[in-house]
1. Between Pro218, Pro156, Pro119, where does the largest GNM mean-square fluctuation fall for the chain, given springs only between Cα atoms within less than 10 Å?
2. Please report how far the C-alpha centroid of the range 165-215 lies from that of the range 307-373, rounded to the nearest whole angstrom.
3. From the square roots a ≥ b ≥ c of the eigenvalues of the alpha-carbon gyration tensor of the range 172-301, which class results: rounded (a/c under 1.5), prolate (a/b over b/c), or oblate?
4. Under a Cβ-Cβ cut-off of 14 Å, what is the net charge of the residues other than Ala330 that fall near it, where Lys and Arg count +1 and Asp and Glu count -1?
5. Under 27 Å between alpha carbons, and skipping anything fewer than 8 positions from Lys166 in its own chain: which lysines qualify?
6. Of Ala264, Ala283, Thr97, whose Cα points farthest to the positive end of the dipole of the chain (charges on the beta-carbon: +1 Lys, Arg; -1 Asp, Glu; origin at the Cα centre)?
7. Quick one: compute the contact order of the range 326-406, relative version, from alpha carbon pairs under 8 angstrom and 6+ residues apart, as a percent.
8. Starting from the Cα of Arg232, step 7 Å toward the Cβ, then list every residue of the range 176-198 with an amide N under 19 Å from that point.
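Bear in mind that the values in this text are calculations on the coordinates, not laboratory data. Keep in mind that what you see is a predicted model, and the values were worked out from it rather than measured. No Cβ is skipped: glycine too gets one built from the backbone with ideal geometry, and neighbour counts run over all protein chains shown.
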Amino acid sequence: MEKHLKVSEAQQVIIDAVSAMSVERVALAQSLGRVLAEDVCANRDQPPYDVSAMDGYALRSADVANAPVTLEIIEDIKAGDMPSKTVQAGQCARIMTGAPVPQGADAVLRVEDTQSMLPNIVQINCSVKQGNDIRYRGESMRDGEVVLSAGTEIVPGVVGMLAMVKAATLNVYRQPRVAILSTGDELEGLNDAFDANKIPDANSYALMAQVQSLGIQPVLLGIARDEPEELRRYLQMGLQYDVLLVSGGTSVGVHDYVRPMLEALGVQMKFWRVAMKPGHPMAFGSTDTTFVFGLPGNPVSSMVCFEQFVLPALRRMMGCSRLHRRTLSARLTHDVKHKHTRTEFVRVTLHQEDDDYAVTSTGAQGSGILPSMAKADGLMIVPASSQGLMAGEQVRVQLLDGTEFQEVADFRE
């Protein structure tokens, strides 16, 4: 009898099997969502000199110790200017944010704390300490220091840093090429004629969107019917990609040909069952060049399995270190029955309640009830050992959107 792996065990099998893709060089403008494959160093001190953090006056702090006092304005300094004079006792320079601090000055006083007297005289209304509102040379980064490490995910702030160090092109990990295939005689393609006796192929497009959410554009292979030779042709096409997602046909019925056909094509299967609900008939295998995920035919099961197994694998292949969706703690608003020996993923909505999150089921949880997934903010994790949950309990919820990920999955099985 085949062993039904725990969710965490199946995840570990997959993570142990996959690794980061090869490296390619891309332009900065095309780098968002990618992962650095090299350290990036600063090419200058930033700021390149001491600069003012405020619009105001550059002055000597000793001159204003007994404020209010009046000082002579010896020059105006804008961002981009270089000072031409040295501030002496009883003097100051009018200065703008980002402008270099002149020699002799050791502090900046914001303009709101001053009062103009004559064109070249200003009254200083309060004292300041040395260094006040000055950003010192190299405060942001020092020439030659590593400012971004290999493995950094490129988000908008990172793009700004890369532009700051003039990284017009950079080395990143290649994105995996992903193919998606649905199987089954019962399916109706998106552009097929309407047939009330068929089931629309939602899986291909839901999986497509889940892959796209990671910044990868997958290829939809279409629908393979329950006929061995047709299935073989489609699977052979899919095995030309780095990752193949096969939806349906992984159960044990007499017309479920996916498993034997994959094995006939040289795919070494690692597991075929996972102790989870929904998503029990979940499979994973590989060839020398392709990782294959056999996902359940029911749309909710397929999407839940993607979140637990495919998403972490794709992120690892992209070079990411944080592989899993973020989880948080929330208060359950109602009782939840649990009779299974499997880890269960309940589709839920979240809302803020005082300083806590409250979590509520989206309704009927059947694996074919796609609205339960469409409404969901997250997946509530019910441990296999649970005898049921009571209203008011704190539960773990895995978020389904956003860009926040964490290094390890948070399962208590």
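1. Its mean-square fluctuation being the largest, the pick is Pro119.
2. Between the Cα centres of the range 165-215 and the range 307-373 lies a distance of 22 Å.
3. Since a/c stays below 1.5, the shape of the range 172-301 is classed as rounded.
4. Net of charged neighbours comes to -3.
5. Cross-link targets: Lys78.
6. Final value for the positive-end residue is Ala264.
7. Worked out over the range 326-406, it gives 45 percent.
8. Within reach of a label on Arg232, which here means backbone N under 19 Å from a point 7 Å along Cα→Cβ, the range 176-198 contributes 183-185.
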